[in-house]
Amino acid sequence: GGVRTWLDFSASRLTNAIVDLRLANVRTRIEKSLPELDVTELSGRFGWKQSAAGIEVTTNALKLVTPSGVSVAPVDFALKYSAASGTREAHGELRFNAVDFAPLVALSDHLPLPEDARVQLAAFSPRGLLQAVEVRWTGDWREPKTYSARGRFANLAINSAGRIPGFQGVSGTVEGNERGGTLQLNTNGAVVDMPLVFRAPLQFDILTAAIDWRRERNETEIRMNSITFSNSHVAGTVVGNYRTEADKRGIIDLTGNLTRADARYVSRYIPLVVAEQARDWLDTAFLSGQSADVSLRLKGNLDEFPFADETKGVFLVTASVTDGTLHYADGWPQIENISGDFTFRGARMEVNARQGTILGTRISGVRAEIPDLLP
């Protein structure tokens, strides 16, 4: 291939370098401790500048392809870092036009990354595209005193790990700093994986959200101004807020409304902490039923959830169901053509059927109850 360079020296030291590359079949090792990297194609411009104040690294249309098919699309990238000087804090700036996570994760074993970053990359395995990203900070980049960041993302995905939920297919924009920020989601075909809350990932055909957060005294308040979602089972909206508390699950105040819900899938959307012993029953109890009026109210300290003691918080789900069929237990006749209300209140579940049929006989005023869904 070909290489063209411009080099600047000061007092016999290299201070500035610009390198244009167009190479094929390259084998390189970035650090002695790292494995060799085979590259089928390497092209673009690389810039490097160093001074007493700091360092600057840039790329322009840098492209890389490996024999195994890993391909890094042309990247425009700029990293500037200035060390602390006198009363001025260390500070830095990072910008890039677009980065696809998947090839970077595939190449991470060959890159000079801190060991903790390498472990986190393996655990979360991020995928998706980041675009128009700008980050600025002062202080140590690992724990900055101040920072600001903005960017767009498309089809973003990470694996769940520890207490961090996973997701995939998420698109939107984010902007924030050390005091707070905003998040906008506009997604088709998203999956949210919260294994500590729900037993299986939740899939959404449409997921939109307008969320902002504020940091104060080492705690975070999250305001869910509007979250809209729909899939083949449910469609609705959620609004509310959540505030973290040190060494606790936090305080929540949430209101939700569903305009469409299929009773057959109710157990998928009930948190694991509720109905652990009754979950098998919930899986088969509702054989049919539709609702266009479901409401959710969740308020209180999540350490007390699901608020069996109603003086400590509220967990209330109500649904008006039509065309329902309830299989109460083996050996019991099914209650069919149910028109009535289903209620989850704290650890209690109630079914109040205004009308229905049992063995072809019309009934009214039927009430079924599970007084305690907690294990």
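Residues to consider are G256, G300; find the one that is on the phi < 0 side of the Ramachandran plot and open to solvent by less than 20 Å² (accessible area, probe 1.4 Å).
Details: G300 fails: on the phi < 0 side of the Ramachandran plot.
Every option except G256 fails the conditions.
Looking at this structure, is F344 in contact with a strand residue (DSSP E or B) (Cβ under 8 Å, 6 or more places away or on another chain), within 20 Å of L254 (Cα to Cα) and open to solvent by less than 50 Å² (accessible area, probe 1.4 Å)?
Details: in contact with a strand residue (DSSP E or B) (Cβ under 8 Å, 6 or more places away or on another chain): yes; within 20 Å of L254 (Cα to Cα): yes; open to solvent by less than 50 Å² (accessible area, probe 1.4 Å): yes.
Yes: the conditions hold for F344.
Of V321, V294, V266, V314, which residue is modelled with pLDDT of 90 or more, under 17 Å from A368 (Cβ atoms) and among the β-branched types (V, I, T)?
V321
For the structure I just gave you, tell me whether E115 is more than 17 Å from L79 (Cβ to Cβ), open to solvent by 60 Å² or more (accessible area, probe 1.4 Å) and not basic (K, R). Full working, then the answer.
Details: more than 17 Å from L79 (Cβ to Cβ): yes; open to solvent by 60 Å² or more (accessible area, probe 1.4 Å): yes; not basic (K, R): yes.
So E115 fits the description; yes.
With the condition kept exactly as written, say whether any residue in the stretch 184-197 is touching a helix residue (DSSP H, G or I) at 6+ places or on another chain (Cβ under 7 Å), modelled with pLDDT under 95 and farther than 28 Å from E134 by Cα. I'd like the intermediate steps shown before the answer.
At the first step, the residues of the stretch 184-197 found to be touching a helix residue (DSSP H, G or I) at 6+ places or on another chain (Cβ under 7 Å) are none.
No - not one qualifying residue is present in the stretch 184-197.
Quick check on my filter: what residues within the stretch 259-285 are more than 21 Å from P201 (Cα to Cα) and either part of a strand (DSSP E or B) or open to solvent by 20 Å² or more (accessible area, probe 1.4 Å) (or both)? Even if it seems obvious, please write down each step before you answer.
First, pick out the residues of the stretch 259-285 that are more than 21 Å from P201 (Cα to Cα): 259, 285.
Matches in the stretch 259-285: T259 only.
If you go through the stretch 69-82, how many residues are outside any strand (DSSP E or B) and open to solvent by 50 Å² or more (accessible area, probe 1.4 Å)? Steps first, please.
Of the residues in the stretch 69-82, the ones outside any strand (DSSP E or B) are 69-70.
From what's left, open to solvent by 50 Å² or more (accessible area, probe 1.4 Å): 69.
The total comes to 1.
Mind listing whichever residues of the stretch 27-60 are open to solvent by 30 Å² or more (accessible area, probe 1.4 Å), assigned to a strand (DSSP E or B) and more than 29 Å from S12 (Cβ to Cβ)? I'd like the intermediate steps shown before the answer.
Step one: filter the stretch 27-60 for residues open to solvent by 30 Å² or more (accessible area, probe 1.4 Å), giving 27-33, 35-36, 38, 40-42, 45-46, 48-53, 55-58, 60.
Within this subset, residues satisfying the condition of being assigned to a strand (DSSP E or B) are 27-28, 38, 40-42, 45-46, 48-50, 55-58, 60.
Answer for the stretch 27-60, where residues must be open to solvent by 30 Å² or more (accessible area, probe 1.4 Å), assigned to a strand (DSSP E or B) and more than 29 Å from S12 (Cβ to Cβ): R27, D38, T40, E41, L42.
Which one is farthest from L302 (Cα to Cα) among residues in the stretch 232-248 that are more than 18 Å from the chain's Cα centre (by Cα) and part of a loop (DSSP other than H, G, I, E, B)?
That would be S232.
Assess whether R354 counts as being without any contact (Cβ under 8 Å) to a residue 12 or more places away in the chain, among the basic types (K, R) and either surrounded by fewer than 15 Cβ atoms within 10 Å (Cβ to Cβ) or in a strand (DSSP E or B) (or both). Quick ask: steps written out before the conclusion?
Details: without any contact (Cβ under 8 Å) to a residue 12 or more places away in the chain: no; among the basic types (K, R): yes; either surrounded by fewer than 15 Cβ atoms within 10 Å (Cβ to Cβ) or in a strand (DSSP E or B) (or both): yes.
When the stated conditions are applied, R354 does not pass them.
Can you find, within the stretch 212-230, the residue that is farthest from the chain's Cα centre (by Cα) among those that are open to solvent by 30 Å² or more (accessible area, probe 1.4 Å) and among the acidic types (D, E)?
Of everything passing the filter in the stretch 212-230, E216 is farthest from the chain's Cα centre (by Cα).
Looking at A106, A132, A102, A98, can you tell me which residue is exposed (fewer than 15 other Cβ atoms within 10 Å of the Cβ) and of a type in the set (A, V, I, L, M, F, W, C)? Write out each step before concluding.
On the way: A106 fails: exposed (fewer than 15 other Cβ atoms within 10 Å of the Cβ); A102 fails: exposed (fewer than 15 other Cβ atoms within 10 Å of the Cβ); A98 fails: exposed (fewer than 15 other Cβ atoms within 10 Å of the Cβ).
Exactly one of A106, A132, A102, A98 is exposed (fewer than 15 other Cβ atoms within 10 Å of the Cβ) and of a type in the set (A, V, I, L, M, F, W, C), namely A132.
Of the numbered conditions (1) in a loop (DSSP other than H, G, I, E, B); (2) within 30 Å of T28 (Cα to Cα), E143 fails exactly one; give the number of that condition.
For E143, the failing item is (2).
Going by the conditions given, is L202 closer than 21 Å to P126 by Cα, out of contact with any Leu (no Cβ under 6 Å at 6 or more places or on another chain) and open to solvent by less than 30 Å² (accessible area, probe 1.4 Å)?
Values: closer than 21 Å to P126 by Cα: yes; out of contact with any Leu (no Cβ under 6 Å at 6 or more places or on another chain): yes; open to solvent by less than 30 Å² (accessible area, probe 1.4 Å): yes.
In short, yes.
A209 versus (1) under 14 Å from the mean Cα position of the chain (by Cα); (2) exposed (fewer than 15 other Cβ atoms within 10 Å of the Cβ); (3) part of a strand (DSSP E or B): which is the lone unmet condition?
(2)
This table checks each residue for (1) assigned to a loop (DSSP other than H, G, I, E, B); (2) closer than 24 Å to Y269 by Cβ; (3) of a type in the set (V, I, T); (4) open to solvent by 60 Å² or more (accessible area, probe 1.4 Å).
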{"position": "R152", "(1), (2), (3), (4)": "no, no, no, yes"}
{"position": "L156", "(1), (2), (3), (4)": "no, yes, no, no"}
{"position": "V170", "(1), (2), (3), (4)": "no, yes, yes, no"}
{"position": "V192", "(1), (2), (3), (4)": "no, yes, yes, no"}
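The values are calculated or read from the model by the stated rules, or taken from the named source; none is laboratory data. Bear in mind that the values here come from a model prediction, so they are computed numbers and not experimental data. Here the Cβ is made from the backbone with ideal geometry for all residues, glycine too, and neighbour counts use every protein chain on show. We work out accessible area using only protein heavy atoms, side chains counted, and drop any ligands, DNA or RNA first. Shrake-Rupley method; radii C 1.70, N 1.55, O 1.52, S 1.80 Å.
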